[in-house]
1. Working carefully through the options Val254, Val195, find the one that is in contact with a strand residue (DSSP E or B) (Cβ under 6 Å, 6 or more places away or on another chain), assigned to a loop (DSSP other than H, G, I, E, B), open to solvent by less than 70 Å² (accessible area, probe 1.4 Å) and not small (Gly, Ala, Ser).
2. Considering the stretch 379-396 alone, what residues qualify as being open to solvent by less than 50 Å² (accessible area, probe 1.4 Å) and either touching a strand residue (DSSP E or B) at 6+ places or on another chain (Cβ under 6 Å) or modelled with pLDDT under 90 (or both)?
3. Which ones in the stretch 37-46 are more than 9 Å from ligand 2 (Cβ to nearest atom) and of a type outside the set (A, V, I, L, M, F, W, C)?
4. Would you pick out the residues in the stretch 22-58 that are farther than 17 Å from Ile185 by Cβ and open to solvent by 50 Å² or more (accessible area, probe 1.4 Å)?
5. Name every residue in the stretch 8-36 that is of a type in the set (Gly, Ala, Ser) and either modelled with pLDDT of 85 or more or within 9 Å of ligand 2 (Cβ to nearest atom) (or both), in order of residue number.
6. Are there strands (runs of 3 or more DSSP E) fully within the stretch 117-160 with at least 1 residues that are within 15 Å of ligand 1 (Cβ to nearest atom), surrounded by fewer than 16 Cβ atoms within 10 Å (Cβ to Cβ) and without any contact (Cβ under 8 Å) to a residue 24 or more places away in the chain? List them.
7. Are there any helices (runs of 4 or more DSSP H) wholly within the stretch 304-373 with 1 or more residues that are within 20 Å of the chain's Cα centre (by Cα) and either on the phi < 0 side of the Ramachandran plot or at pLDDT below 90 (or both), and if so which?
8. In the stretch 422-456, how many residues are open to solvent by less than 10 Å² (accessible area, probe 1.4 Å) and β-branched (Val, Ile, Thr)?
Amino acid sequence: QKGQIRVQTENIFPIIKKFLYSEHEIFLRELISNATDATQKLKTLSSIGEAKGDLGELRIDIAIDAAEKTLTITDRGVGMTSEEVDKYINQVAFSGAEEFLNKYKDANIIGHFGLGFYSAFMVSEKVEIFTKSFREDTKGVYWSCDGSPEYELYEIDKDDRGTKIVLHINEESKEFLEADRVRGILERFCRFQAVPIFFEDKQINNTNPIWVRKPSELTTEDYQNFYKELYPYGETPLFWIHLNVDYPFNLTGVLYFPKIKQSYEIQKDKIQLYSNQVFVTDEVKDIVPEFLMLLHGVIDSPDIPLNVSRSYLQGDPNVKKINAHITKKVADKLDEIFRNNRTEFEEKWDSLGLFVKYGMMTDEKFLDKANKFLVMQDAREGKFYTLEEYKMATETLQKNKDGKQVIIYTTDPVQQDAYIQACNAKGYIVVKLETIVDAAFINNMEMKWEGVHFVRVDSDIVDNIIDKQEGNESVLSKEETEQLKTMFTKDVHNLHVTVEVKGLSPETAPVIATRPEFMRRMKDMGAVGGGMASFY
Ligand code: ADP
Ligand code: MG
């Protein structure tokens, strides 16, 4: 049979090339996914008795022939009859250039999402298919097309079941005849595909990654090893969450909490998105809530629509549900560790805190849950308080004039040590809120935590707002006190500093200089570019 491919424009291939300029390499992912699909279909058919006999070794082979300038993908899957080639290759993919263009006109998605079989023409001057269906009494089929709308299709003698696709690599795409280049692509896209893939006689994939296995079968070591497999240079993660949902959508995956020592070490875009074990992207923005992008790991869902634009993704009900589900799972896991193993939780707070605070600022549902497990650490004693515990411990002492709970914090326990000591001497609890996210966190929580007011330890209001304790005798005479006041105020009046000579013991701090909280915050916000912004 000879025929003409049914397209409305003269030739669809220039369009494919034009629209797929960015990531040509995805052709390999597409062809291998087809080979995988064909193999999985065969397994299913065999399990219900429709495919007879021994299936033999089910594997996919990739081979380069540099002399012939070909790249070949061979599978042992269901194969195709000539009717099927006509239906699936000739008709379906060429159902019309117009439709094609409408479907793929959002250039952003091109490069991330494939075009199926025809992406082969991005890199080939000619594509050949040799295939034989698993069905009994069918002949082998040969199909070829050189990028013009004409194709050839005829029967051939072929003994073995399955499909062989031969790409005659074009001049501009010679790179795909280099073993290193091909291996690199295979490792990126096919690392966890479900059917063994061989290149140069070596299997390149792990067909049974932990996220498809049962949590009950897995050990701590398994999870840690898998983390190493994903991020060879990463430090051991703090802990992980195994996701497994089958209703109302399908989602599996493992999310890891990385160790974060410094906020500048935070790396986003560490989560990889898969669809049925086929790598899709590691740009999970809009699919995963922003604060969860600090996590690492893998999410696999056949229900995330991959062939649509990102703006559409945000509004997609499945994506929203997936977001909500992941957020809930993460909050539940943190809550569980907090309740069952608080010591471990507190030990990891340095890394966790950043993540929890970021989540509380950006996600209401997460905030609700995190209110119970957010902890603040005492600046000198190291004891951790939840919001509730802090309130309980300070309630009578630390109320401001409006009856609001005052949380006294330090941004620098060393520099502000004198103030901290002074506060401690009065029985106040000073907590550390010193990371880069804390400035934004404090402002944000003042809006969200009703009846709570934050005051920095060196602020003038610490003393003004809280009922003064009587009975502390000054170590200085009245005259000395006045002298000191004048001296300090003269030097620092530009900074809105108030000098008070306190009735404290000489070992601690007989003189305290404070600055209004409001003035300081204004300055800090200017200096750090608005808190949140600098955190990004
Ligand atoms: P999709 O995979 O989204 O269906 P493709 O353009 O990648 O679209 O493939 C079109 C169809 O061609 C497939 O659905 C399948 O029926 C058939 N096909 C492609 N490759 C193979 C293969 N290796 N073995 C069997 N059938 C295949
Ligand atoms: Mg496909």
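1. Val195
2. Scanning the stretch 379-396 gives Ala379, Phe384, Tyr385, Thr386, Thr394.
3. Selection gives Thr39, Gln40, Lys41, Lys43, Thr44, Ser46.
4. Asp37, Gln40, Lys41, Lys43, Thr44, Ser47, Ile48, Glu50, Lys52, Gly53, Asp54, Glu57
5. Of everything in the stretch 8-36, those that are of a type in the set (Gly, Ala, Ser) and either modelled with pLDDT of 85 or more or within 9 Å of ligand 2 (Cβ to nearest atom) (or both) turn out to be Ser33, Ala35.
6. Here the list is empty.
7. The qualifying helices (runs of 4 or more DSSP H) are 310-315, 317-340, 349-362, 364-370.
8. Of the residues in that region, 6 qualify.
The values are calculated or read from the model by the stated rules, or taken from the named source; none is laboratory data. Keep in mind that this is a model prediction, so the values were computed, not measured. Quick reminder, even Gly has a Cβ in these numbers, built from the backbone with ideal geometry, and neighbours come from all protein chains shown. All accessible areas refer to the heavy atoms of the entire protein, side chains included, with ligands and DNA or RNA removed. Shrake-Rupley method; radii C 1.70, N 1.55, O 1.52, S 1.80 Å.
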